[in-house]
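Below: one structure, written as structure tokens.
The values are calculated or read from the model by the stated rules, or taken from the named source; none is laboratory data. Because the structure is a prediction, the values reported are computed rather than measured. Note that we place each Cβ from the backbone using ideal geometry, even for glycine, and neighbour counts take in every protein chain shown. For the accessible areas, the whole protein counts, side chains as well, though only heavy atoms, and no ligand, DNA or RNA atoms are used. Shrake-Rupley method; radii C 1.70, N 1.55, O 1.52, S 1.80 Å.
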Amino acid sequence: MEKKLILDGNVVANAVKESLKDRIKVLNENGIKPCLATILVGDDPSSETYVKMKGNACSRLGIESKRIHLSKDTTTEELLQVIQELNEDENVHGILLQHPVPHQVDERKAFETISLEKDVDGVTSWGYGQTALGFGVFPSCTPAAILKIMEHYQITAKGKHAVVVGRSPILGKPVSAMLLNENATVTTCHSHTTNLPEMLKQADIVVAAVGKPNFIQGDWLKEGVVVLDAGYNPGNIGDVEYDSCYEKASAITPVPGGVGPVTISMLLKHTVDSAEYTMKKSNKIIH
Ligand code: NAP
């Protein structure tokens, strides 16, 4: 029997973080401390945990994090004001607004207020458009993580049929566009797709981005498929039913320890990229 490949996100994330260390050192020597600003609105415990994890990952690597926690009653206008201030703060290189925000806040409007050069989480429509056209600087972090895992394990998309389940603006849509740019043939499925198991049966690569625990079943997949599970549901459960999908797959990401840690490392990378860009712009550094 052929050996299965477990796509270990911690290995990939550590490689990404390792590659940033020298770059951060050069930035520091030039008087620049890369800084990620995170904005959390409200008291959702999962969101608090995610923001804390991102802040801790920054400090472990020597990236500053500026944590802004706004009350659950924050209005759209108040949030936009905070984002504008961060846009203008030259010591801040990346801005992350934790999704979701409370219902009274216009999340799309808030995302669109983040300046393109600080949109390290790839949430603006400008960033998405550029990513889709193939020249985006900061694609959304989870799609970027999926592509990074494939690159690390030398899984090529070219000529393959990739089926993406989910079409959210920060995950399903951009990862579909990125796989298309890598010359995969891409099918994007969603809640109105009527024949999902049939679609999945044709897939060489499956990206699960549904937000439903254990949703994708092994008997929907063909032998030898590559399974990339972006799902992260309460209790550390992915969007694929791991045991049955493992049986069919030639390679699979576990949950936890798959896409999640790489997503955070891509956020750090984008923050460092942005800090370097700022320095180059101000001619403080020449590469
Ligand atoms: P989302 O905004 O809720 O989108 C879910 C998508 O799944 C939608 O496009 C929806 O279709 C589709 N869908 C729902 N039910 C379906 C069904 N029965 N058949 C086919 N498609 C269906 O979720 P998201 O923000 O993209 O997140 C997706 C998952 O990824 C979640 O588990 C989330 O926790 C995880 N995630 C992980 C990371 C990470 O770092 N690992 C980061 C972000 C998100 P419609 O468009 O038709 O509604």
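Data table
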quantity: Probe 1.4 Å, accessible area per residue of the stretch 162-287, Å²; calculated: 44 Å²
quantity: Label point distance in nm, residue 89-residue 47, each placed 7 Å from Cα along Cα→Cβ; calculated: 1.8 nm
quantity: Debye-sum result for the stretch 1-71 in log10 I(q)/I(0), which assumes one identical scatterer on each alpha carbon, at q = 0.12, 0.17, 0.22, 0.28 Å⁻¹; calculated: -0.47, -0.76, -0.99, -1.20
quantity: Viscosity 1.567 mPa s, 4 °C: Kirkwood-radius Stokes-Einstein D of the stretch 141-260 over Cα pairs, µm²/s; calculated: 95 µm²/s
quantity: Residues of type lysines that residue 25 reaches as a straight line, Cα spacing below 22 Å, ignoring anything fewer than 8 places off in the same chain; calculated: 17, 33, 54, 66, 118, 269, 280, 281, 284
quantity: The stretch 112-187: trypsin sites (Lys or Arg not before Pro) in DSSP loop, at most 15 other beta carbons within 10 Å; calculated: 158
quantity: Residue 153/residue 222 FRET efficiency (R0 22 Å; Cβ-Cβ; nearest 0.05); calculated: 0.70
quantity: Alpha-carbon centroids, the stretch 225-287 and the stretch 139-208: separation in whole Å; calculated: 14 Å
quantity: All Cα pairs of the stretch 96-139, percent lying beyond 16 Å; calculated: 34 percent
quantity: Rounded to 10°, Cα long-axis angle of helix 141-152 versus longest principal axis of the chain; calculated: 60 degrees
quantity: q = 0.07, 0.08, 0.11, 0.16 Å⁻¹, the chain: log10 I(q)/I(0) [Debye, one scatterer per Cα]; calculated: -0.26, -0.34, -0.64, -1.28
quantity: Selection of trypsin sites (Lys or Arg not before Pro), the stretch 1-62, meeting DSSP coil and at most 14 other Cβ within 10 Å; calculated: 3, 4
quantity: Potential lengthening between residue 11 and residue 103 on full extension [0.36 nm per residue; Cα-Cα distance subtracted]; calculated: 29.4 nm
quantity: Kirkwood Rh in Å, taken over the stretch 31-117 so that all alpha-carbon pairs contribute; calculated: 13.2 Å
quantity: 1.4 Å probe accessible area per residue over the stretch 1-134, in Å²; calculated: 53 Å²
quantity: Those lysines that a straight Cα-Cα span of less than 29 Å connects to residue 201, excepting residues fewer than 8 apart in one chain; calculated: 3, 4, 148, 158, 160, 173, 212, 222, 248
quantity: Percent carbon-and-sulfur accessible area, the chain, ignoring ligands, DNA and RNA, probe 1.4 Å; calculated: 52 percent
